[in-house]
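Engineer: I am attaching a structure below and will ask some questions about it afterwards.
The values are calculated or read from the model by the stated rules, or taken from the named source; none is laboratory data. Just so we're clear, the structure is a prediction, and the values are computed from it rather than from any experiment. Glycine also receives a Cβ, built like all others from the backbone with ideal geometry; neighbour counts cover every protein chain displayed.
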Amino acid sequence: METELKLKEAFLMFAYSPKGSLNSVQPEPGIAAAILMELVREGKIALEGKRLKIISHKTSADDLNNDIFQYLKSRKKPPKIKDFLSLLNWKSFHMKKRVRAELLKKRVLIEERKRFLFIPYRLYPPSKRRLKEQLARHIRATIDGKVDAEEYYLSLIALLEAGQILRQVYDSRKEYRAHKSKIKEILNNSKLAKGMSETIQAMQMALITTTVIIPATTS
């Protein structure tokens with residue numbers, strides 16, 4: 001199944017609730033991990049054990065990916081995946097803002113300006129609900145083994161599960177919990193997922209160190 005969304009865009013789309021607030025996770029570690037996976041798919045880098053290795057010096061056509069790639073190339077030696085993801089969390093690449101801007105441009109999200117007393121805030125609910133449901137349906141079918149496990153969807157499942165967002169593709173927490181064993185099985189048995197394990201573990205560690213509970217009125 002083809003999709004118009006890049007990996008990092010799909011991840012952030014699912015990070016927003018139907019009402020437009022962020023779920024109780026910080027999405028930056030997931031976005032950073034998604035960018036690394038996209039750079040691997042572009043043939044720019046390879047994940048070798050616990051380290052990142054540059055295998056091409058050509059620029060990326062994606063502006064955000066290219067900024068991250070150029071920063072990676074500026075490092076004196078290949079960094080450990082966990083160290084690089086940690087660095088990206090604190091660098092001013094404005095990853096969430098830039099990915100969200102692309103989702104707004106594609107009209108996947110819409111921006112709603114609100115005010116609570118004298119405090120302004122913004123919400124970003126989905127405008128293309130059909131697209132989000134199509135992706136969610138394909139993710140569920142992949143987990144259930146009803147369709148071939150494509151690289152894009154395995155990567156997205158791994159990112160969403162590590163970011164504590166995968167439950168959003170199910171109608172209820174009960175349904176999500178009922179599929180936990182299948183989720184674990186597909187991630188453990190997939191050769192691709194095993195290759196991503198260091199990135200996913202690094203992302204989970206970054207989430208542990210940066211996650212805060214986000215009020216419903218924040219963006």
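Engineer: If you take the residues in region 149-166 that are part of a loop (DSSP other than H, G, I, E, B) and not aliphatic (A, V, I, L, M), which one is surrounded by the most Cβ atoms within 10 Å (Cβ to Cβ)?
Structural biologist: 163
Engineer: Select from region 87-106 the residues that are under 20 Å from residue 15 (Cα atoms) and in contact (Cβ under 8 Å) with a residue 12 or more places away in the chain and list them in ascending order.
Structural biologist: 88, 89, 93, 95, 96, 98, 99, 100, 102, 103, 104, 106
Engineer: Name every residue in region 76-107 that is surrounded by fewer than 17 Cβ atoms within 10 Å (Cβ to Cβ) and at pLDDT 90 or above, in order of residue number.
Structural biologist: Scanning region 76-107 gives 97, 98, 101, 104, 105, 106, 107.
Engineer: Which numbered condition in (1) modelled with pLDDT of 95 or more; (2) of a type outside the set (Ser, Thr, Tyr); (3) buried (at least 20 other Cβ atoms within 10 Å of the Cβ) is the only one that residue 141 fails?
Structural biologist: Of the numbered conditions (1) modelled with pLDDT of 95 or more; (2) of a type outside the set (Ser, Thr, Tyr); (3) buried (at least 20 other Cβ atoms within 10 Å of the Cβ), the odd one out for residue 141 is (3).
Engineer: Name the single residue, out of those in region 54-72 being among the charged types (D, E, K, R) and surrounded by 12 or more Cβ atoms within 10 Å (Cβ to Cβ), that is nearest to residue 29 (Cα to Cα).
Structural biologist: 67
Engineer: Next question, about the same structure. Any residue at all in region 83-95 that is in contact with a Ser or Thr (Cβ under 7 Å, 6 or more places away or on another chain) and under 23 Å from residue 22 (Cβ atoms)?
Structural biologist: Yes, region 83-95 contains at least one residue that is in contact with a Ser or Thr (Cβ under 7 Å, 6 or more places away or on another chain) and under 23 Å from residue 22 (Cβ atoms).
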